[in-house]
1. Helix by helix, which DSSP H runs in the chain go 20 Å or more along their axis at the Cα atoms and have an average Kyte-Doolittle hydropathy of 0.0 or more?
2. How many angstrom lie between the C-alpha centres of the stretch 229-294 and the stretch 117-156?
3. About its Cα centre, how strong a charge dipole does the stretch 152-241 have in debye, to the nearest 20, once Lys and Arg get +1 and Asp and Glu get -1 at the Cβ?
4. Relative to the Cα centre, what is the charge dipole magnitude of the chain, using +1 at the beta carbon of each Lys and Arg, -1 at the beta carbon of each Asp and Glu, and rounding to the nearest 20 debye?
5. Work through the residues other than residue 84 whose Cβ is under 10 Å from its Cβ and net out their charges, Lys, Arg +1 and Asp, Glu -1.
6. For n ≥ 4 DSSP H runs only, could you compute -39500 (n - 2.57) per run for the chain, divide by its residues and tell me the 222 nm figure to the nearest 500?
7. Using the Kirkwood formula over every pair of different C-alpha atoms, what hydrodynamic radius in Å results for the stretch 55-149?
8. Rounded to the nearest 10 Å², what accessible area does residue 138 show when all protein chains are kept and the probe is 1.4 Å?
Amino acid sequence: MNTPFRTLLASALLCTPLLAGAASAQLSPEQAFDLYARALLEDDAAATRTLNDALKPAFEGQDALTPSPGALAKALAEPWQTVLASTGAKADAAAAEALYAKALRDSKCRATEGVIEDNEYLEDQKLARISFTCQVPDLAKVRPLFAASLSADATPAVRTQFTQAYTQALQSGVRVPVSGTFTLYPAKDNGYWYSGNFDDLVGTVTGALAPFEEWMQDAQAATAPKVTGVPGCDLLLQQHRACVAKIAPEQISGVDAMAEELKAKAQVQSAEEMTQECKALRPIAEMMWTDACA
């Protein structure tokens, strides 16, 4: 269930900040993060104005952030309407968008800690690592219903049970915390803080609200050959090997080397660390895949 989040996020930023300019009202990194979260996820117009006012000197007096209200909820709602239609339910675009808009408003992502440290890539420059927590629906009981709905012999009633449980969870279910990290960069002698990449913030919430692709991969990983012992890595290796065997069999040795490297790392890294590493590797591998791999 692919949603154009990266395209949506890229369009939110107008320009790149300057490193010089007039003095501005200063926000701490934590304050800046909270405003970004309120503006991008909660469609909070007041937060957008406050953030833009603080960043204007770095953007030549222009607004730094121009989010489109409701756009993220719409991006989430479109694939969900397809799921609903597959169960025979009547698609209601406005209701679906309202469902996700509420869930995004309720996410309340806020900074819990900010640490300013040296930027290892730019001499004499700093960056701020923000730890944050968001509130998202607890979908633990929904996940097995989703798995059942994917079965080849799943009845419309089984699929409807999933869609109803998921909708109820988003509307009024129990909320659970999810955590993440976000990087902010300074402009004009560390006077104020900005970001040009919102994936770590928005992706944390959208991934928790619509985790269907991840769930599907986990289900597929259960049957993948055990190479590393980490399901996400084993599935990636299985899929990459199958694809390379089709489109470039002469390069299969590279897949073997990749497997051995990941296998060795799995001996010294935690399953969580390996899972994150293979998530980062997946888009790199998928760039090599062609339609023949489908």
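The values are calculated or read from the model by the stated rules, or taken from the named source; none is laboratory data. Owing to the predicted nature of the structure, the values given are computational and were not obtained by experimental measurement. Every residue, glycine among them, receives a Cβ derived from its backbone with ideal geometry; neighbour counts consider all protein chains shown. In case anyone asks, the SASA skips ligands and DNA or RNA and just uses the protein heavy atoms, side chains included. Shrake-Rupley method; radii C 1.70, N 1.55, O 1.52, S 1.80 Å.
1. Values: long enough: 71-86 (24 Å, 0.61); 156-172 (24 Å, -0.48); 231-247 (24 Å, 0.27); 252-266 (21 Å, 0.14); 271-286 (22 Å, -0.63).
Qualifying helices, which must be both long enough and hydrophobic enough, are 71-86, 231-247, 252-266.
2. Distance between centres, Cα-based: 21 Å.
3. Value, rounded to 20: 100 debye.
4. Details: 24 positive and 36 negative charges, 188 e Å.
It comes to approximately 900 debye.
5. Summing Lys/Arg as +1 and Asp/Glu as -1 gives +1.
6. Numbers: 12 runs with 152 residues, N = 294.
Only helices count here, giving -16500 deg cm²/dmol.
7. 17.4 Å
8. My reading of the accessible area for residue 138 is about 70 Å².
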